[in-house]
Amino acid sequence: MLFKKVITLCLPVMFFGILTVSAQFDILSSEKGTQLISAAVTNLATELGSRTINIASKQKIVEAFCQVTNPLISTGFSSPLERYESQQSLFLYLLCNTNGLETPYFREDFKEYVKNLSYKTLKFQSACRSEYTEKCNLALLTEQIMTQLFSELFTLKQADLFGLSQVSLQDEELLNRKINAYAEEKFQIKKFCDDKAHNYEQTCKHLKRQMKAFMPALRTFVLINSDVLYEKVKEKDAISEFLPCEHGAQYDLLLCGTMGETDNGLKPFISLVYNELAWYTMFTTYYAQMLSQRNEIDFALRDEIDHIWFNQQKLFAVSNETIQELVQLATTYPLHIGFLAYQEDLLRFRDQALSKIVTPFYTLYHKLRNVQTKE
């Protein structure tokens, strides 16, 4: 199943036992998403129309695509707040950074987020070992790239929803400071973990256990360098006003999507996911169209083309479902933490205040109940 690791990590949404609150979020259906991206595919066809492409070579088809994947292709299906940028697409970077195909349009600061600069180092079980030969099944390869990529993106975002924003959890002071910032943002409670007069020690321990549970998953990443992402937010207590997340020329799609807002429907994260889906769909659509123009299409080639269309629909459906789970988690997890803190307050009231009332009350009750008591 796609995103198996992520779906497993999302189980606490049901485990918490809190009433799921329906959240409003705007994501695209498979059909609508494909229609939206078709405008960019048309622009891409225009860009490539003047080129003579050897459709008999898969290598040449991929090369032609990578050479023209510049920001101008996005014209016609972007808005000031929702942009689909080739400069910040991890899928494109992995696809094109092979055999000298690296596009010149990738941002320099974006490259440091990628652990592996080419799919060749990923050891995927496909025929694409060193180059895009005729034996290479790009339907399989692109699906493997997107599956691994989305598994890591969804894990990063869930960790962010759980308050994780640092690469190491060994620094107890830093960890408390991050939890304090989380509680202040969600509950307007300052010094949540270390207030000397009134803190929430048990709830803080629970938060720390949840954060630490993500560390093994983060260490298995093969595409995204999470250390670099966490380093950029290490000294930032409140992410809501993180400067690179203000829309502009320097908007950092990956950083703001995975480490950005957690309260307003996860729109930066959804934009990040759909940026990858957009470029994946553009490439696979163009690639399948080029293959379909060949004079002879054998069974293996026809099967590859059919799988491309099937994989497109599957990726949209599974991505939307997982996004919905994360949006629900963004609502329910703070409620879960809030109820734990409330429970801690009730127990504190019972132990510190209520006990001073209950004991004299029962003593008086005992005396009144037995009027023959000598006392």
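Note on the range 147-174: residues that are touching a Ser or Thr at 6+ places or on another chain (Cβ under 9 Å) and more than 14 Å from M259 (Cα to Cα) total 2.
Give me the residue from the range 184-205 that is among the acidic types (D, E) and assigned to a loop (DSSP other than H, G, I, E, B) and, out of that set, surrounded by the most Cβ atoms within 10 Å (Cβ to Cβ). Selected residue: D194. Look at the range 153-176: where a residue is β-branched (V, I, T) and a partner is modelled with pLDDT of 80 or more and surrounded by 18 or more Cβ atoms within 10 Å (Cβ to Cβ), sitting 6+ places away or on another chain with Cβ atoms under 6 Å, you get T155/A217; V167/Y230. Of all residues assigned to the range 306-320, none qualifies as being surrounded by fewer than 23 Cβ atoms within 10 Å (Cβ to Cβ), of a type in the set (K, R) and under 26 Å from F162 (Cβ atoms). Taken together, the residues in the range 250-307 that are outside any helix (DSSP H, G or I) and over 21 Å from the mean Cα position of the chain (by Cα) amount to 6. Mind checking whether some residue in the range 220-229 is crowded, with 16+ Cβ neighbours inside 10 Å, at pLDDT 85 or above, β-branched (V, I, T) and farther than 25 Å from E325 by Cβ? Yes, the range 220-229 contains at least one residue that is crowded, with 16+ Cβ neighbours inside 10 Å, at pLDDT 85 or above, β-branched (V, I, T) and farther than 25 Å from E325 by Cβ. For E102, the conditions (1) acidic (D, E); (2) in a loop (DSSP other than H, G, I, E, B); (3) modelled with pLDDT of 85 or more are fulfilled apart from (3).
Figure legend. Inter-residue proximity from the range 307-319: first residues more than 10 Å from E143 (Cα to Cα), second residues among the β-branched types (V, I, T), beta-carbon distance below 6 Å, spacing 6+ or different chains. Indicated pairs: S319/V273. Restricting the range 316-370 to residues that are of a type in the set (F, W, Y) and closer than 30 Å to C193 by Cα, the residue that is modelled with the lowest pLDDT is F349. In this structure, D306 does not qualify as among the charged types (D, E, K, R) and more than 23 Å from Q144 (Cα to Cα).
The values are calculated or read from the model by the stated rules, or taken from the named source; none is laboratory data. Quick caveat, the model's predicted, so the values are computed rather than measured. Ideal geometry is used to build each Cβ from the backbone, glycine not excepted, and the neighbour counts take in all protein chains shown.
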